[in-house]
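Everything below concerns the one structure shown next.
The values are calculated or read from the model by the stated rules, or taken from the named source; none is laboratory data. Computed from a prediction, not measured in an experiment: that's the story for all the values here. Note: ideal-geometry Cβ built from the backbone for every residue, glycine included; neighbour counts use all protein chains shown. Ligands, DNA and RNA are excluded from the accessible area calculation, which covers all protein heavy atoms including side chains. Shrake-Rupley method; radii C 1.70, N 1.55, O 1.52, S 1.80 Å.
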Amino acid sequence: MNQAHLHKLVSSQLKEKDPEKLFNLRLATNLTLIQELFFSLYPENEHKDHFQNLLALLPKLFESRPGELKKQDLQRVQSTNWYQSEKIMGMQLYVEHFNQDLNGLREKIPYFKKLGVNFLHLMPITTRPKGENDGGYAVNSYLEVDKRYGTKEDLLALTKEFRKEGIYLMLDFVVNHTSNEFSWAKKAMKGDKKYQGYYYTFEDNTIPTEFEKNLPEVFPETSPGNFTYIPEMERWVMTVFNSYQWDLNYTNPQVFLEMLTNLVKLSDMGVDVVRFDALAFLWKKIGTISQNLPEAHNLIALFRMCLQVVAPGVILLAEAIVAPTDIVKYFGEDQKRGNECEVAYNASLMALLWNSIATKKTTLLYKSLLHVPEKPKDCTWINYIRCHDDIGLGYENQLIEELGWNPGMHRKFLLDYYCQRLDWSPATGLMFMYNPKTGDGRITGSAASLLGLEKGLATKNRQLIDQSIAKIIMLHGITLAFGGIPLIYAGDEIGTLNDYSFKNDASKKDDSRWVNRPMQDWETISKLDDRELPQSKIFHTLQRLIQIRKDNPVFADNNGVTLCHTGNDHILVFEKKGNHPQGLLVLCNFDEHPQVIESSWIKKMGYFTKGDPIDLVSDTKLIANSGLLELLPYQMIWLKKD
Ligand code: GLC
């Protein structure tokens, strides 16, 4: 049983729901774990005072949490896990690219309602350096809204409106690093020893050289190496991402206490889900790649356990774009099971779907997903196909080899297929961070461009256009049915193509991820009534699928997904079981040719029993000819069992 369940039990015992008393009970319930986690990172003999400080901080943080949110916290403690509901549909967007600023965003609530979206991830909105700032992931502050988006009051008005409208809000907490303009970094640069200790700074490069022996490079093209020399400070500082992003030093408990305060204050603005950015990197150790270390997990669980005491209605999302078997660990293992992050990006599914499109086969997808241990019941995935970042090819080499493929050659094929090195490929993606030393690279581009819509439109190739629409629907359809929160990237609902304007902007031109950070195309949206437009077909089909998801509890996440083998390597079939006897069978054809499945096989699964079943996606009866069910190229079928 995870701690959230204990809180539910404990609070249900209390007749009078006095927030103060409940806070004390939550603290008592989590205290042993908090203490163990704290002392595992900060040994007791040296850090008793810091632990005292933490104990003094928690009630203060609780006291300043707004009453309205405290009330909501209590309701959430009592209710079941809202984030696993079939009613949730997410969208990720850049506020300034969507409709200018926070007030502009508020005006677009009717658009979200029309599509069925009720969960928003807004990309960073706090202050950042003027020039390069990694799309706001170089933070000058954790709490101050950047002028371009509006004011803190605008944000508070927005979150209030969201609560009224039943829209959940996710914001980033860039927990691993600050910008070099953050107040702590500025003080460190001026020679303040206290703040130099908030980062990993070194007087010469002896220790950096030791670290570098094992550290990989995140941005090898634009920011090679993991350390930057700062002449003003006459010291080296660890900068794993860009040279202007300084890694926070969590071996210093003062950093943890300050960041916990920032985390709670961010939550106090009405945030429902906090996206823990780059959390795999939180702890560093010489001789390791300094990712996914056990201490990082303890630190995240410590944040979680403290936040749960102060603001139990707020949950955490793990942004861990790491190997499939490492991602699930961010839900917590052993004693921490279910006590780390409630939600994690399903980056493995995402990357495997792109592999299946390029290879037209689902073999690696089956192999890889079957290899991942099941997640804890109370946790869930964010299922997505595209986001603001690149697509990394983090498949497990051993599994690629088991299919008889050479991992290096296979990755090269994927880069060639998506990054315009093969004439016959329909994809028009760009390469990201190609490393000639290793041959490694990643892929960027919008979903529609990667799936052939850009090429189809440019060459007026009807078949290519239709196939790309089918692929766009199929991939999004999988994210809707897989169990978890489906997160659509703004613009993908209308098949937005690559935006090449970043090449003319000095602060963006070296980062090809900008090709998929387009302006929301309101002109196209105003024409969606013209049902013949490819964009309309995509929008209206997705809108319908989202509604089907919301109307059918079988789509809720309850760990009920089973992969089903059909013997046809081009097809993906999975069954989603509901809490009741209902079930949903999802069948997808990843090939450019029609493929068949024996209808007796589907019958055995318990579908196709009472005559010809209805496919929810096309809303037509499925007819099996000579015992075979045909799936058209890139067709997705949803069959429901009641
Ligand atoms: C996350 C963000 C990415 C950013 C990085 C560093 O991975 O998604 O955009 O570059 O963190 O903050």
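A count restricted to the range 237-250 and to residues that are open to solvent by 10 Å² or more (accessible area, probe 1.4 Å) and either away from the ligand (no atom under 16 Å from the Cβ) or within 30 Å of Asn81 (Cβ to Cβ) (or both) stands at 1.
Of all residues in the range 413-427, none satisfies being within 30 Å of Gly456 (Cα to Cα) and within 16 Å of the ligand (Cβ to nearest atom).
Considering only residues of the range 251-280 that are within 16 Å of the ligand (Cβ to nearest atom) and part of a loop (DSSP other than H, G, I, E, B), which is surrounded by the fewest Cβ atoms within 10 Å (Cβ to Cβ)? That would be Asp277.
Consider Met305 carefully, then state whether it is of a type in the set (A, V, I, L, M, F, W, C) and within 16 Å of the ligand (Cβ to nearest atom). So Met305 fails the test.
Does Cys387 count as in contact with a Cys (Cβ under 8 Å, 6 or more places away or on another chain), outside any helix (DSSP H, G or I) and crowded, with 17+ Cβ neighbours inside 10 Å? No; evaluated as a whole, the condition is false for this residue.
Within the bounds of the range 494-510, is there any residue that is part of a strand (DSSP E or B) and of a type outside the set (Val, Ile, Thr)? Checking the range 494-510: not a single residue is part of a strand (DSSP E or B) and of a type outside the set (Val, Ile, Thr). On the stretch given as the range 130-145, residues that are within 16 Å of the ligand (Cβ to nearest atom) and either outside the structural domain of Glu86 (by TED's automatic domain parsing) or not polar (S, T, N, Q) (or both) total 9. Filtering the range 178-194 to residues that are in contact with a helix residue (DSSP H, G or I) (Cβ under 8 Å, 6 or more places away or on another chain) and either surrounded by 21 or more Cβ atoms within 10 Å (Cβ to Cβ) or acidic (Asp, Glu) (or both) leaves Thr178, Ser179, Asn180, Ala185, Ala188.
Listed conditions (1) crowded, with 21+ Cβ neighbours inside 10 Å; (2) aliphatic (A, V, I, L, M); (3) more than 20 Å from Asp390 (Cα to Cα) are all met by Leu156, apart from (1). Show the residue pairs meeting these rules: Cβ distance below 7 Å; 6+ apart or different chains; first residue within the range 278-296 and on the phi > 0 side of the Ramachandran plot; second residue of a type in the set (S, T, N, Q). Filtered contacts from the range 278-296: Ala278/Asn176; Gly287/Asn214.
Kindly indicate the residue of the range 456-477 that is charged (D, E, K, R) and free of Cβ contacts under 8 Å to residues at least 40 places away in the same chain and also most open to solvent (accessible area, probe 1.4 Å) among those meeting that condition. Checked the range 456-477; the qualifying residue most open to solvent (accessible area, probe 1.4 Å) is Lys460. The single condition among (1) assigned by TED's automatic domain parsing to the domain that holds Gly116; (2) without any contact (Cβ under 8 Å) to a residue 12 or more places away in the chain that Thr209 does not meet is (1). Is there a residue in the range 615-628 that is part of a strand (DSSP E or B), in contact with a Phe, Trp or Tyr (Cβ under 9 Å, 6 or more places away or on another chain) and at pLDDT below 90? Checked the range 615-628: no residue is part of a strand (DSSP E or B), in contact with a Phe, Trp or Tyr (Cβ under 9 Å, 6 or more places away or on another chain) and at pLDDT below 90. Out of Asp569, Asp511, Asp521, one residue alone is farther than 18 Å from Met89 by Cβ and either within 16 Å of the ligand (Cβ to nearest atom) or open to solvent by less than 40 Å² (accessible area, probe 1.4 Å) (or both). It is Asp511.
Considering Gly445, Gly452, Gly441, Gly429, the condition of being among the small types (Gly, Ala, Ser), buried (at least 22 other Cβ atoms within 10 Å of the Cβ) and in contact with a Cys (Cβ under 7 Å, 6 or more places away or on another chain) is satisfied by Gly429 alone. Could you tell me whether Leu393 is buried (at least 19 other Cβ atoms within 10 Å of the Cβ), under 28 Å from Thr566 (Cβ atoms) and of a type in the set (A, V, I, L, M)? The answer is yes for Leu393.
Asp416 falls short of the stated requirement of being more than 25 Å from Gly332 (Cα to Cα), without any contact (Cβ under 8 Å) to a residue 60 or more places away in the chain, over 19 Å from the mean Cα position of the chain (by Cα) and part of a loop (DSSP other than H, G, I, E, B).
Restricting the search to helices (runs of 4 or more DSSP H) fully inside the range 58-129 and requiring at least 3 residues that are in the same structural domain as Gln543 (by TED's automatic domain parsing) and surrounded by fewer than 18 Cβ atoms within 10 Å (Cβ to Cβ) gives 102-107, 109-115.
Within the span defined as the range 174-194, every residue fails to be within 15 Å of Leu105 (Cβ to Cβ), at pLDDT 95 or above and small (Gly, Ala, Ser).
Evaluating Pro324 against the criteria (1) in contact with a Cys (Cβ under 6 Å, 6 or more places away or on another chain); (2) assigned by TED's automatic domain parsing to the domain that holds Pro124 leaves one unmet condition, (1). Count of the range 130-140 residues, restricted to those that are surrounded by fewer than 21 Cβ atoms within 10 Å (Cβ to Cβ) and over 22 Å from the mean Cα position of the chain (by Cα), is 3.
Taking the condition more than 30 Å from Gln398 (Cα to Cα) and either within 16 Å of the ligand (Cβ to nearest atom) or modelled with pLDDT of 95 or more (or both), does Leu293 pass?
Spelling it out, it is not the case that Leu293 is more than 30 Å from Gln398 (Cα to Cα) and either within 16 Å of the ligand (Cβ to nearest atom) or modelled with pLDDT of 95 or more (or both).
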